[in-house]
Amino acid sequence: MRIHGIQKPANATWGSYGWSQTYAYTWANADDLVVENFGTTDVQPGTYHLYARYPNDTLYEDLGNHTFVAGRTTFIGLYPAYLPDILSNYYGWNSTILVRNNSQAKVAQVNTSLLADDWVHRQNTDFIALNNTREVRFSNYCAFCRGSTLAVASQDQAVIVENRYSGGDYGDGNAAVAYSAFDAGSAAMYLPYAVYYPDPVTHGVPFVQYSRFMVQNTTTAAASLELTYINRGGVTDFTRSDTLVANGFRNYDLRDPGGAVPDLRQTDYYNTQCGTLAGCNWTGAVKVTSTNGQLITSVLTNYWRWYVAAYNGVSGGAQPVFAPSIERRCTDCNPNAGSWQGFSITIVQNLGSSNANVTLRYRNATTGNEDLTISGQTITPNAAKGFNTKTGGNVEASVYSVLGGAWAGAVIVESSQPLAVAQITLRPDNNVAGAYTGVHSGLASTNTYLPGVYQKNTAYTSCPSSENQWDQYSILRIQNPTTSNATDVDIYYYDQNGTLTFQESNLTIVAGRSLSRNTRNHCATISLGGNWTGSVRIQSNQPLVAVAETLKSGQWLASYNSINR
């Protein structure tokens, strides 16, 4: 092919420049990660409209506009997905990478590399047809491995990771978390919720709660890191430095002080908490900054004694922030005891330099009504507050009584300063939890993808006769973060082979409101067959965001943010 549209200086081309020929040099070695051996240098900085043409000048593909920055390589026609936290036969944990080809016209070649610091431990090459979803695993090739992954596709892709636990050395059941891939790294990663909470008797294991986070270097040069540990009150307790090699990663476990992980017991915040009902703990946020211009990604996993959840780091603050999935379900709604089937915690961190005046608006998933408004919340710079539909968190528990005991919906977090939001849902009856990151309208799009969706039961029918026959199902929460009604929303359900199994058309989502779909509760209208695994594509005349929650027979819950295009 010939690539048209690039500009180069005359002294780099010995005259006028028209196009670049791909694969002009047969001796060129393919790049280790992207498995590609065509590239060109000396491109003039700027934004250009690129085309790929056959040698006879017939158009092959309109590549769109691309901006070239001095000193930086730009992928054209390659779609990277960065996955910071990948596990293979690691104390019972294994990762399943779900890769969806979003193209409506072309097969995608996807090269998925398991990176172990500065080398490629394993690489899979898959050819994925239109709307297909492929499961990629490294468990057959790698024992006791932890790393990060780069998945590079020839077509637009949507990628998520499901990290699943089954037994392992400790044999204590099943668990899972999920997170969505990063399309690119950033100079900073904000993790608004991190915890160090040892047992109140042993002051160590078994921990009541703790966090670990992975940081991935997405570049081909070493990244210099600064890690800032900020307690819930907004005070910086520690600043630590670290270095990641090119394409490298590091796991930071708050239980294990050393290196870039401080001893969080040596803080005023921790010791002050020792005198409270909760007991000795450190709760706060972590900011990871690349100080030398290399780009990074990060995912944090939070562990309780009986459940686990993970969420993506965010690259910067925004306002307002949208969390499409919130719940409050209880038969006895006593916040100190009672019988709780599900409750949600919204952690809001102020990333601005001034006090943030914060308002939370809780929108009902069924009626769309604003059932609760919490206003007048002041959050100082770097500090965070938690809003808990069971205990109240930083407000009185009684504030949430108006929602009753069978409420589900979304929350809009408004602020005078940029925010980072982490959203956690816990379901104590089944000892499961899920988490995801709050998003802003700038991340919304008219094409929204959910690569992992399920409707599975032992009866192999869309609606089994008994609730006990359900094995795995998904809840989809779709929110309109704009100020205009979305009046033409279409939801397409594709199986893993790319076959369109079911479709909903011409739906409406009012501005600021959300729409829910449950493949178990709505099985009569979402007829997928009962042994169905696939993906969902949402098209709309207004930009949307979404969250998917997968539940596995009361064993685990895994939530992830949609991939938006």
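The local environment of Phe343, defined by Cβ-Cβ distances under 10 Å, has a net charge of +3 under the rule Lys, Arg +1 and Asp, Glu -1.
Region 74-203: D in µm²/s via Stokes-Einstein (Kirkwood Rh, Cα pairs, 10 °C, 1.306 mPa s)?
Working: Rh = 16.1 Å.
Taking Rh from Cα pairs, D becomes 98 µm²/s.
Short to long, the 5 Å bins of the Cα pair-distance histogram for region 332-376 hold 5, 14, 15, 19, 21, 15, 7, 3, 1 percent of all pairs.
How large is the translational diffusion coefficient of region 318-429 in µm² per second when you combine the Kirkwood radius over alpha carbon pairs with Stokes-Einstein at 20 °C and 1.002 mPa s? All intermediate terms of the calculation are to be shown ahead of the outcome.
Details: Rh = 14.0 Å.
The Stokes-Einstein estimate is 153 µm²/s.
Across region 251-260, coupling constants 3J(HN,Hα) worked out from phi with the 6.51/-1.76/1.60 Karplus curve, θ = phi - 60°, read 9, 10, 9, 5, 6, 10, x, x, x, 8 Hz, and Gly and Pro carry x.
The smallest convex shape that holds all Cα atoms of region 490-540, its convex hull, gives 82 Å³ per residue.
The charge dipole of the chain, taken about the Cα centre with unit charges on the Cβ atoms of Lys, Arg (+1) and Asp, Glu (-1), comes to about 380 debye, rounded to the nearest 20. When the charge dipole of the chain is built from unit charges on Cβ atoms (+1 for Lys and Arg, -1 for Asp and Glu) and taken about the Cα centre, the candidate among Val439, Thr373, Gln294 whose Cα reaches farthest toward its positive end is Thr373.
Take 53-64, 301-312, 119-130 and order them by the average number of nearby Cβ atoms within 10 Å per residue, most first; the result is 301-312, 119-130, 53-64. Considering only Phe207, Ser344, Asn561, the residue lying farthest towards the positive end of the dipole of the chain is Ser344, judged by Cα position with unit charges set on Cβ.
Look at the Cα gyration tensor of the chain: its axes a ≥ b ≥ c give a/c of at least 1.5 with a/b over b/c, and that counts as prolate.
With the simple spin-label model, which puts each label point 7 Å out from Cα in the Cβ direction, the Thr276 to Arg240 separation comes to 2.3 nm.
One chain, two ends: Thr220 and Gln266. Fully extended at 0.36 nm per residue, the span grows by 12.9 nm beyond their Cα-Cα distance.
From the helices alone, meaning DSSP H stretches of at least four residues, give me the mean residue ellipticity at 222 nm for the chain, per-run term -39500 (n - 2.57), in deg cm²/dmol to the nearest 500. Provide the component values of the computation, followed by the final result.
Working: 2 runs with 10 residues, N = 565.
Computed mean residue ellipticity for the chain: -500 deg cm²/dmol.
Here the label points at Arg565 and Ser375, each 7 Å from Cα along the C-beta direction, are separated by 4.1 nm in the simple model. In terms of other Cβ atoms within 10 Å, Phe75, Phe238, Phe502 run from fewest to most in the order Phe75, Phe238, Phe502.
Using only Cα atoms, what Kirkwood radius does region 2-68 have, in angstroms?
On the way: mean 1/r = 0.0761 Å⁻¹.
One decimal place: 13.1 Å for the Kirkwood radius.
Taking every Cα-Cα distance in region 382-538 and sorting them into 5 Å bins from zero, the calculated P(r) comes out as 2, 7, 14, 17, 18, 17, 13, 8, 4, 1, 0 percent. Note on Val69 and Ala12: with the Förster distance fixed at 25 Å, the Cβ-Cβ geometry gives a FRET efficiency of about 0.90.
Each value in this text was obtained by applying a stated rule to the coordinates, not by laboratory testing. Just so you know, these numbers come straight off a predicted model, no measurement behind them. FYI the Cβ positions are ideal-geometry reconstructions off the backbone, even for glycines, and counts take in every protein chain you see.
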